[in-house]
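The values are calculated or read from the model by the stated rules, or taken from the named source; none is laboratory data. These numbers were taken from a predicted model, which means no experiment stands behind them. Every residue, glycine among them, receives a Cβ derived from its backbone with ideal geometry; neighbour counts consider all protein chains shown. Keep in mind that these areas ignore ligands, DNA and RNA; they rest on the heavy atoms of the full protein, side chains included. Shrake-Rupley method; radii C 1.70, N 1.55, O 1.52, S 1.80 Å.
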Amino acid sequence: MLDDDVTRLNLTLGEPTGVTLDPDMWGIFFEDINWSLDGGLNAELLRNGDFAFTPADHAGWGPLTAWQATGGGSVEIRTEDPVHPNNGTYVRVAGPVTLTNEGFDAVRVHMDDAFRLTAFTWRVQGVGEASVALVDAAGAALAEAPFVTPAEGWHEASLDLTATAEGLGRLAITVPRGLVLELDMLSLRPLGEGGEPLTFRQDLVDVLRDLKPSFVRFPGGCVAHGLGLGNLYHWKQTVGPRESRVPSFNTWGYHQTRQIGYLEYFELCELLGATAMPIVAAGVSCQNLRGRAACIPMADMPAYVQDILDLVEFANGGTDTTWGARRAQLGHPEPFGLRLLGLGNEDEITRDFEERYAMVASALADRHPEITVIGTAGPQPFGPDFEDGWAFAREQRVAIVDEHAYRTPRWFHQNLDRYDSYDRSGPAVYFGEYAARTNNVRSAMAEAAFMTTMERNGDIVRLASYAPLLARLGTTQWVPDMIYFDADRVLLTASYHVQRMFSVERGEDVLSVEVDGVVDVPVPPRAEGTVRLSAPGARVKVSDATIDGVGLEAVDVDDAEVTLGAIGADGIVQFTATRVDGQEGMVIRLGGTGAEDFLQVDIGSWQNKTTVVHSFADGISNDIDGPYAWSGMSTDVPVTVRVALEGERIRVWVDGELRHDVAEDRRPETRVVAGCTTRTAEDGMREYVVRMVNATDDARQATLALPTGAAGWVGKATVLAGAGPDEGQPFEASPIEPQEIEIALAAGQALELPAWSLTVAVLREA
Ligand code: AHR
């Protein structure tokens, strides 16, 4: 439908608002989640090359995970005499044995491709030589070379393999009969054009570089503070020769080789032309551990504080300083110019956290005033940790606070005014992790709309990064992600294109924009529906149940959802729940239109230690109240639950205690948004960078005017459009690609904004 009255949109670009965008505004969040580093950006092709996997990484994993031995000889795991005490396990191979590594996938080998194998070897006894090859599934060699292993003692071996055939290969090391070798720290990397082994996977670096990020946040996320003190990310354990680095389990259920450590992270930033933003633990580990966060004992805090000061010296110190000299010794005499550093990640704001945060922050302020420290405000854009985190940040006079928001598209469209009313006298905001919860066009447009308002509020929102960035297909722990990949392919999502369109064209000064013709989309009142119960990870007997006073049969509940009965938009459900088996609590879903739009109450979510209320929109969850700590469900101990729905309000009592009293946000969604910044082009002319988001089913005809009246506009625009809101899925490439168009508009002439589109136009007055 192209009815002019419905679809016309008049944008009046006004005066500068006085807001100037931080040149650091758009950056990237990098965490080793979803195999994004080991198995991803790290160009290493061998998996478990250091025989260091353990069941702590993943149940069932061990030193020989990813290795297969054939041939009748023996492979023994040893720990007696390791290459380095930080890497305790290695193998002794007595031929005849062929040891094959499955890699992260088979390696795609093209003719003349070159690879470097490095390893520590110890010839224990025997004569003859081992050999290495990349072999295909049928056992044919695609590349092969002798593996010369000097006599007794650990020796570093290095050899190059050049492909003489094409195919999918895996590394195979053949040790002949009579030869006994010890092996550790194996690595296989492709060689770059200059013949050097690649540190980073090139196709992934290319798409990251195309984003033109201003900063790179690393190493997390949760990985930064880890599960327990032993898993906290200590930068010093990640620099120096590989054998001296300390591998660790990854909080996302796999292994961190630490082959990419702090030096390589800093070098990645250089490669991408971005500034580094390390996130260090604030002296406490992640609270998502059974038994809560672990804190570095106060007696050990001075040493931890010193570690962080040393990190700054490692990044910035002259070569006459201890850690600057270490950096130079590792091959990078020039300083990295570190300016930003995050302290903590989504931490629970406890006294323990506050004390330790304050110790680190004050030492940094004293010794390194050049570093801007970024504080943390919990995992959600509201709630107890958010409020406490902000209050603490104000008290501490923190420069910037890291806010996170994994929310529904609806939340983004309802909260476009979020930053308009933020207190300008306190800390600024780093919107450090956000995503509109899936990879479809609807989500990408919601993110674009919100980004437009972040620019409008660029005086308070100084930095932002979508999260997570990368995910290897088949090994994801978190969706959505911005970029998916496998061994051969890189799949860019619609969210990637949105990020890129904002990042590559940036203005400097924000203009006020009046948008005439926007009709907000109402959110309908909650519909009638049913009450559904489930107990993932437990078995629960539900008795004495009533809905609006009408008694119901007792039911047994487990993983599968059971319908208890019907409930209106208003109504009361109550019951007694007794766990008979399992470790977890239960879930209640109420009302709405089934799969798309309903309320959910978790009685014992997240390791059976909290209660939470969620509101689902378009099938995607938003936490709207909690999580609030709870003692949890115990086997054979009855719990009474009562939930009352009253229009938008939902109240939840557990054992007679009112735990939640919250109103759902059913404000209309603003789906058409525009923003404008200006900049001075190289030729001295003024350019307008206009962002226009149309997240509706109808194309809009947009006119652009200046208060002075413009004769017309010339320039170019990038348009991301062409698919409906539900197209695009996790693990797939975007259904839409940005298109470049030339623009020449006479005064008053309209530019079409297609349905479900983002347009970024760079214009000059004609
Ligand atoms: O981005 C994935 C995870 O989300 C991060 O590790 C954590 O900070 C957040 O909860």
(message) In 20 Å bins starting at zero, report the fraction of Cα pairs in the chain per bin as a rounded %.
(response) 15, 42, 34, 8, 0
(request) Evaluate E = 1/(1 + (r/R0)^6) for Val637 and Asp486, where r is the Cβ-Cβ distance and R0 equals 56 Å; express this FRET efficiency to the nearest 0.05. (result) 0.75
(request) For n ≥ 4 DSSP H runs only, could you compute -39500 (n - 2.57) per run for the chain, divide by its residues and tell me the 222 nm figure to the nearest 500? (result) -4500 deg cm²/dmol
(message) Ranking request for peptides 8-20, 349-361: highest mean number of other beta-carbon atoms within 10 Å first, then the rest in descending order.
(response) 349-361, 8-20
(request) Between Ile741 and Lys716, with labels modelled 7 Å along Cα→Cβ, what's the label distance in nm to one decimal, could you check? (result) 1.5 nm
(request) Provide Rg and Dmax in Å for segment 497-634, with only Cα atoms included in the calculation. (result) 20.5, 65
(request) Kindly state, as a whole number, the per residue volume in cubic angstrom of the convex hull around the alpha carbon atoms of segment 46-190. (result) 104 Å³
(message) Could you compute how much accessible surface His110 exposes when probed at 1.4 Å, giving the result in Å² to the nearest 10?
(response) 90 Å²
(message) From the phi angles alone, apply the Karplus equation (6.51, -1.76, 1.60; θ = phi - 60°) to segment 719-725 and give each ³J(HN,Hα) in whole Hz, x where the residue is Gly or Pro.
(response) 10, 10, 6, x, 9, x, x
(request) Please give, to one decimal in nm, the separation of the simple spin-label points placed at Val662 and Glu355, each 7 Å out from Cα toward the Cβ. (result) 3.1 nm
(request) Provide the packing ranking of 251-258, 366-373, i.e. peptides ordered by the mean count of other C-beta atoms within 10 Å per residue, highest first. (result) 251-258, 366-373
(message) With a 1.4 Å probe and all protein chains kept in place, how much accessible area does Leu232 have, in Å² rounded to the nearest 10?
(response) 0 Å²
(message) With only alpha-carbon pairs counted, each pair once and no self-pairs, how large is the Kirkwood hydrodynamic radius of segment 623-686 in angstroms?
(response) 16.6 Å
(request) Please compute the Cα-Cα pair-distance distribution of segment 568-718 with 10 Å bins starting at 0, giving whole percents from short to long. (result) 9, 29, 19, 11, 13, 12, 6, 1
(request) Using only alpha carbons, build the gyration tensor for segment 15-101 and give me the equivalent ellipsoid semi-axes, biggest first, whole Å. (result) 45, 14, 11
(request) Please give the peptides 718-727, 399-408 ranked by average Cβ packing (other Cβ atoms within 10 Å per residue), highest first, as a rough proxy for protection. (result) 399-408, 718-727
(message) Quick one: 3J(HN,Hα) in Hz for segment 736-753, Karplus 6.51/-1.76/1.60 with θ = phi - 60°, rounded, Gly and Pro as x.
(response) 10, 10, x, 10, 8, 10, 8, 10, 9, 10, 6, 3, x, 6, 8, 9, 7, 9
(message) Given Cβ point charges of +1 (Lys, Arg) and -1 (Asp, Glu) and nothing else, what value in debye, to the nearest 20, does the dipole of segment 46-190 about its Cα centre take?
(response) 180 debye
(message) Residue by residue through segment 154-162, what is 3J(HN,Hα) from phi via Karplus (6.51 cos²θ - 1.76 cosθ + 1.60, θ = phi - 60°)? Round to whole Hz and write x for glycine and proline.
(response) 6, 10, 8, 9, 8, 8, 9, 10, 10
